[in-house]
Amino acid sequence: MKKLSAVVFSLVLFAGVSFAARGDNSGYQSSYSGKTQKSYSSSSKKSSYKSGSAEHGNFGVGYSKTTIAFGNAFGINDLELDQIAARYWINDTIGIDAQLGFSSGDVNSSVLFGAKVIGKFIQVNKLDIYWMAGLAFGSYDPKIGGVNSLSIFRITGGVGAEYYIIPCLSVLTELGIRYDSASANGNSNSQFGIFADWLPQAGVRFYF
């Protein structure tokens, strides 16, 4: 309890010093000439216009998870795959998000790569709402008799929300439509429908 109190007190003290420093800096700037004040005002206006990626960093890495259902076409279990994810904001509104997952073992092996374009259209405090459109492709080898490696293809479109828990860490949720296709040995299975991803499917991003 004492340690927790000390941590809380330290954070409050740090915040107070930070705000005081900002206040002193503002006063210091205002003591300059009119020309300097005008330049400072213009800079403040420009920085306040920045949002989302400009405040939190342009590049983020994190984790996501995906599931691909094969139905009864191949007589095998669905694929669940952990993925490394990366998100890069080209500017304040347009970005690219990519995921890569793979596994290899005696029971099965798989690899899946996906990428999508995302674009913010609503920004409210710590929350960004964006549209998205993407593709994914890969393969899955169940390593059981009579089933060769499956080819996997996915198309995704919809909207997502990114909430910043702290300035450098965000959690995601996404909703939209998805088309999955898998084929092997002359058989194929396809599914089309609505999806809703939250943790851990959509995952988290840590920004630099």
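The values are calculated or read from the model by the stated rules, or taken from the named source; none is laboratory data. Remember, predicted model here, so these are calculated numbers, not experimental data. For neighbour counting, all protein chains shown are included, and Cβ atoms are generated from backbone atoms with ideal geometry for every residue, glycine included. Only protein heavy atoms, including side chains, enter the accessible area calculation; ligands, DNA and RNA are left aside. Shrake-Rupley method; radii C 1.70, N 1.55, O 1.52, S 1.80 Å.
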request  = Leaving ligands, DNA and RNA out of it, work out the accessible area of residue 127 with a 1.4 Å probe and give it in Å² to the nearest 10.
outcome  = 60 Å²
inquiry  = Let me check something: with ligands and nucleic acids excluded, how do 80, 174 order by accessible area (1.4 Å probe), largest to smallest?
reply    = 80, 174
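Sorting 89, 198, 131 by accessible area (1.4 Å probe), largest first, what list results? If you can, show how the numbers build up before the last one.
Working: 89 0, 198 125, 131 100 Å².
The ordering from most to least exposed comes out as 198, 131, 89.
Using a 1.4 Å probe on the protein chains only, how many percent of the accessible area of region 57-208 belongs to carbon and sulfur?
Values: 4810 of 7740 Å².
The computed percentage sits at 62.
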task = Please report how far the C-alpha centroid of region 129-145 lies from that of region 91-126, rounded to the nearest whole angstrom.
result = 11 Å
inquiry  = Give me the net charge for the shell around residue 70: Cβ to Cβ below 10 angstrom, other residues only, Lys and Arg +1, Asp and Glu -1.
reply    = -2
query = So how exposed is residue 104, as accessible area in Å² (1.4 Å probe, rounded to 10)?
reply = 110 Å²
ask   = How large is ³J(HN,Hα), in whole Hz, for each residue of region 101-110 in order, when computed from phi with the Karplus curve 6.51 cos²θ - 1.76 cosθ + 1.60 and θ = phi - 60°, using x for Gly and Pro?
value = x, 7, 8, 8, x, 6, 7, 7, 9, 7
request  = Taking amide H positions as placed in the peptide plane 1.01 Å from N, state which residues far from residue 169 in sequence (5 or more) or on other chains have amide H under 5 Å from it.
outcome  = 207
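Where a ≥ b ≥ c are the square roots of the eigenvalues of the C-alpha gyration tensor, would you call region 78-208 rounded, which needs a/c under 1.5, or, failing that, prolate if a/b is larger than b/c, or oblate? List each step's numbers first, then the result.
On the way: a/c = 2.74, a/b = 1.98, b/c = 1.38.
Prolate, since a/c reaches 1.5 and a/b exceeds b/c.
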ask   = Which of the aspartates and glutamates could a cross-linker bridge to residue 143, judged by Cα under 13 Å and excluding same-chain residues fewer than eight apart?
value = 106
note = Note to self: with every protein chain in place and a 1.4 Å probe, region 64-166 gives an accessible area per residue in Å² of 50 Å²
